[in-house]
Every structure is written in structure tokens, then in C-alpha cells.
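Here the structure comes first, spelled out in C-alpha cells, and everything after it is commentary.
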Amino acid sequence: MTVALKELNGGTLEVLDERLAELRTALEGQLIGKDDAGYDEARSLWNGMIDRHPGLIVLATNRRDIQLVVNFAQHNSVLLSIKGGGHQIAGHAVADGALLLDLSQMKSVHVDADAATATVEPGCLLSDVDKATQAHGLAVPLGINSTTGISGLTLGGGFGWITGKHGLTIDNLLSAEVVCADGEIRTASASQNPDLFWAISGGGGNFGVVCSFNFKLHPIGPEVLSGLIVHPLSDARGLLQKYRDICARAPDELTVWAVLRQAPPLPFIPPAWHGKEVLIFAACYAGDMEQGMQSMQELRGLGEPIADVIAPHPYEGWQQAFDPLLTPGARNYWKSNDFLALHDEVIDATLSAVAELPDPQTEIFIAHLGGAMTRVDPSATPFPQRKRHFVMNIHTRWSDPAQDQSCIAWARELFEQTAPHAAGTVYVNFLPTDDEGRVSEAYGSNIEKLRGIKEKYDPQNLFRLNHNIVPKADVELMSA
């Protein structure tokens, strides 16, 4: 018996059963074939649109397992995909016929409260990290959906509720242990392999498999002033104009995002508003409660809200507040852009689109990034957009495959309407599969340096199932 795996050159490798037996014996983790229990669970992803069938799956339990899989893939020139949390919109973690390295069993978090650091394994979800760090009243800046994987978030940049105060996730990365394409484990930090450290600090999974992250932590919680303010969509134009002014003056501690969607049936929203289009301000103050109350006064004084539930909430709970609206299994498609200013034309196009939402699960969110992340030089990490800016993510979400065409078309239309006002950059973690041509926008002038480092650490492009950065030599060959 054999297992067929796709090769890097597009061919097929027939792996004999005796070779699989050797690999299975060497692994401490589990080797799963298409006919084995757990195969469908291991290949499933957050985005229900992705339905791919890897040739073989390895559930790794430690860094030696990772080495074994990377070496096997490299020596046999087979297509290798890496799965952490499985949350990426493009679904690169799973590919038909590939060897899938699943890191989801590696979920250890070790917190050194005295040093204010955390060592995190790559299979952790954000909720795993928050739970461990909040036990000590500490946190690292993470995203807003707790079921996201720490690996993908970090490798792409990472931003959320405390980014204004403490920077991006990558701005708090101290070091990492990386299994490179040659099978060697390298420490990547400011003092050891600094080029590799620079590259993984936002350059995606192009340079190796991270088997351990070490983060700097900050005092946060156990409670933060946070919550939602809900307004009728009819008032949204004027409110968004005032929102952009509030963001321009906001202290580092205050983060406010705008969400436009149909009102979910939450208990604090009057039933008469359920299913109607609304504007929601989601706000968090990462600092003193009394100062937070003062900082949010202007925001809370806008218009006549349907509901205002700004109050002290456990930080760990606030990090999970949007999870019920982002459960796995639904069909999802995103289009995203950065905006240095929220122009009236962008507001008007957005409001017109919200009036014609293709599905009740669909939403548009506008995240404001500023504060500490703007005080990092654009060349200090691959993440190039260090100005105060807005990130718009057009998040189309639905359940019926028959709606695929209409939902995707709706997102693309709004994207095209607002693109003339965009900054020319994009957050790499928000790129769907049909946006691969925008990878250079995600990295700006840093792309050439990334290609050179890719050439050094992965010249054969083993780690290609991602928003791929092609080795420098290959780029030169293609342009010759």
C-alpha cells in the first residue's frame, strides 16, 4: 500500500507503506491517513468554504516531531502545509494532496510573572494565552477573536484592543524557536539570527515553522472598561464623521472600532431592533477606570443610542466578546484595505452597502490603529503601515453555498468603490485566496529584504503554502 503526496514540482510521490511505518515509529505524535479516525476533524478549518483533502496529516506534539516532518518534506520534495489555529481566511493550512503538519496539540503556555514574559507553543489559541497570562494580571496584545491561533496572528503582525497602548503583537515578540527548511532549530531574536527574527515578525510563515514564541507581557486587568454602544443606521453618517475625529484625538489607552451589521439578538438590544441594520461602537480603555470613563464621555455622548453597555468587564471575557458571531464552519470571504483617513466618500459607500447586506451574518468593521504602534519605524519589522490609520474589513459571512456568488460579488463591489481612497497597504492576515497579488502591498518597501531572507533560509520555497514571498533568485529569474 502507498500514500500519494503532491510534490513541489507538481508531480506525485508514492510513499511506500514501510516508509510511512518508519515515520510513524519516529514520531511521538500521530500520523493520520485518509481512512483513519480524526482525518476530517484535522483537515477542517474555521472558514467553511475550504474543503481540501491532504494526502497525510501529522499531529505533532513537540519540536522534534516538527523537525521530522520538515525533514521528510524537504528530502522528498513534497508539498507541506502548516496548521496552527486553522483560522486564516485563505485556508492555506490545508491543501489537496499535501503533507499537513498540524500543531494544534502543542498548547503549553509558561508565564514568568517576575520577568513579565510568556513562552507559548504554536498550537495555542488566543484564549489559551489570555487564560494563562491573566492568571497573573498580565497580557500581550492579541486579536479580538479568541479562537484565532497565536502562530498565524503573530507571524502576520497582530493587533487588537490594547495595541494603542502596547503595540502590535510582533512589537512584543522577544524571541522564537524556528525549525527552518534545512531541519535545523534556530533561535531568532534581536541578538541571534536577527535577520530571521526580523522576517518572522510579520513576514508570515515563509521562513520556517515556529515551535515556540517568547513574548513581553504588560499589566492588564483583571477588568477593563469596555463594551458596546449601538446606534440606528440612519444616524451612522454623522456618527462616523465624529468617530474619526475622536480617533484622531484618542489617548493610547482608548481603542474604538466601528461595526456595521444587522443587530444580533443580544439581551441588551431591544427585540424590536433585532435583525435591523445598526452601527455599533466597540470600545476598550486599557488603563485606569476613572480616566477611562472620562475618555469615553464624548463617544458615549454621541446621538441617541439604542443601547450602551460600557462598563468594567473581565479582560479575558472582553477578548471573547465577539466569538459567538465568529464561530467556525460558516462560509466566509473578506476584502480589506487600510485608510489613512475615513473620507466621506468611504463612509457613504459603506452605508449604501450596509443597506443591502447579502446575509444577516455579514458585517463591515472599521478598526482604528494608533498610539504605540505608530512609534515603531516602518523598517523595524516587515509590517510597513506605522501611521495612525483605519483598517476596513468587509466580512461577508453566510451558510448556504448557493449564496457564494452574490456574497462575494457584494464584498468586491464595496472594495472597488472604496479602493481609490485607500492607503496602498493591507494587513496580510486579511487577504483571501484571490488576493495573492497584493502581497507586495502587505509589505511595501520591506518586500525586497524579505525576499533576500527567504532566499537564505528557504531557497527551494518549501514553505510556500501561505501568502508567499518568493525567494529573491526566483524573482530575478522570472523577471529576466
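The values are calculated or read from the model by the stated rules, or taken from the named source; none is laboratory data. The structure presented is a predicted model; accordingly, all values stated were derived computationally and were not measured. In this analysis, Cβ positions are derived from the backbone assuming ideal geometry, glycine residues included, and neighbour counts consider all displayed protein chains. Please note that ligands, DNA and RNA were not included when accessible areas were found on the heavy atoms of the full protein model with its side chains. Shrake-Rupley method; radii C 1.70, N 1.55, O 1.52, S 1.80 Å.
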**OP:** For residues that are open to solvent by less than 70 Å² (accessible area, probe 1.4 Å) and over 22 Å from the mean Cα position of the chain (by Cα), scanning just the stretch 463-480, find the one that is nearest to P194 (Cα to Cα).
**Re:** P471
Original post:
Do any residues in the stretch 349-365 that are in a loop (DSSP other than H, G, I, E, B) have Cβ atoms under 6 Å from those of residues that are open to solvent by 30 Å² or more (accessible area, probe 1.4 Å), where the two are at least six apart or on different chains, and which pairs are they?
Top reply: P358/S406; P360/Q262
Original post:
Failed condition for Q417, given (1) of a type outside the set (D, E, K, R); (2) open to solvent by 70 Å² or more (accessible area, probe 1.4 Å); (3) farther than 22 Å from A349 by Cα, with all others met?
Top reply: (3)
Original post:
Does the stretch 320-330 contain at least one residue that is in contact with a helix residue (DSSP H, G or I) (Cβ under 8 Å, 6 or more places away or on another chain) and open to solvent by less than 60 Å² (accessible area, probe 1.4 Å)?
Top reply: no
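So that you can scan it fast, the table gives a plain yes or no per residue for (1) in contact (Cβ under 8 Å) with a residue 40 or more places away in the chain; (2) in contact with an Asp or Glu (Cβ under 6 Å, 6 or more places away or on another chain):
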| site | (1), (2) |
| --- | --- |
| E14 | no, no |
| A21 | no, no |
| R24 | no, no |
| L31 | no, no |
| D35 | no, no |
| W46 | yes, no |
| M49 | yes, no |
| R52 | yes, yes |
Original post:
Which of the following residues is open to solvent by 40 Å² or more (accessible area, probe 1.4 Å) and assigned to a loop (DSSP other than H, G, I, E, B): A402, A380, A409?
Top reply: A380
**OP:** Examine the stretch 228-241 for a residue that is open to solvent by 30 Å² or more (accessible area, probe 1.4 Å), modelled with pLDDT of 95 or more and farther than 18 Å from L351 by Cβ, and state whether such a residue exists.
**Re:** no
Original post:
Among the residues of the stretch 295-348, which ones are charged (D, E, K, R) and assigned to a helix (DSSP H, G or I)?
Top reply: E298, R300, E316, D323, D344, E345, D348
**OP:** Among residues belonging to the stretch 428-455 that are in contact with a helix residue (DSSP H, G or I) (Cβ under 7 Å, 6 or more places away or on another chain) and basic (K, R), point out the one that is most open to solvent (accessible area, probe 1.4 Å).
**Re:** R451
Original post:
Among the numbered criteria (1) touching a strand residue (DSSP E or B) at 6+ places or on another chain (Cβ under 7 Å); (2) of a type outside the set (V, I, T); (3) on the phi < 0 side of the Ramachandran plot, which single criterion is violated by G208?
Top reply: (3)
Subject >> Unmet criterion (only one of (1) in contact (Cβ under 8 Å) with a residue 60 or more places away in the chain; (2) surrounded by fewer than 24 Cβ atoms within 10 Å (Cβ to Cβ); (3) over 27 Å from M289 (Cα atoms)) for L174 >> reply: (1)
Subject >> Test for A188: is it assigned to a strand (DSSP E or B), farther than 30 Å from Q67 by Cβ and of a type in the set (A, V, I, L, M) >> reply: no
**OP:** Would you confirm whether any residue within the stretch 209-221 is open to solvent by 10 Å² or more (accessible area, probe 1.4 Å), within 30 Å of A307 (Cα to Cα) and at pLDDT below 95?
**Re:** yes
Original post:
So which of G160, G183 ends up being assigned to a loop (DSSP other than H, G, I, E, B), open to solvent by less than 10 Å² (accessible area, probe 1.4 Å) and closer than 18 Å to Q385 by Cα?
Top reply: G160
Original post:
Are there any pairs, at least 6 apart or on different chains, whose C-beta atoms fall under 8 Å, with the first in the stretch 271-295 and open to solvent by 60 Å² or more (accessible area, probe 1.4 Å) and the second aromatic (F, W, Y), and if so, which?
Top reply: Q291/Y285
**OP:** Any residue in the stretch 408-431 that's under 20 Å from R261 (Cα atoms): show its pairings with residues that are in a loop (DSSP other than H, G, I, E, B) and not aliphatic (A, V, I, L, M) at Cβ separation under 6 Å, as long as the two are six or more apart or on different chains.
**Re:** W410/P358
**OP:** Would you point out the residue of the stretch 450-462, among those that are in a helix (DSSP H, G or I) and in contact (Cβ under 8 Å) with a residue 40 or more places away in the chain, that is nearest to D195 (Cα to Cα)?
**Re:** I453
**OP:** Scan the stretch 187-207 and give yes if some residue there is under 22 Å from A116 (Cβ atoms), more than 18 Å from the chain's Cα centre (by Cα) and of a type in the set (F, W, Y), otherwise no.
**Re:** yes
Subject >> Answer from G97, G84, G48, G137 - the residue that is small (G, A, S) and either modelled with pLDDT under 95 or surrounded by 22 or more Cβ atoms within 10 Å (Cβ to Cβ) (or both) >> reply: G84
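Only one residue in T425, T374 is among the hydroxyl-bearing types (S, T, Y) and either in contact with a Cys (Cβ under 7 Å, 6 or more places away or on another chain) or buried (at least 20 other Cβ atoms within 10 Å of the Cβ) (or both), so which one is that?
It is T425.
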**OP:** Please enumerate the residues belonging to the stretch 420-454 that are touching a strand residue (DSSP E or B) at 6+ places or on another chain (Cβ under 8 Å), more than 25 Å from D348 (Cβ to Cβ) and at pLDDT below 95.
**Re:** none
**OP:** Identify the single condition in (1) in contact with an Asp or Glu (Cβ under 7 Å, 6 or more places away or on another chain); (2) under 30 Å from R331 (Cβ atoms); (3) open to solvent by 20 Å² or more (accessible area, probe 1.4 Å) that V58 does not satisfy, given that it satisfies every other one.
**Re:** (3)
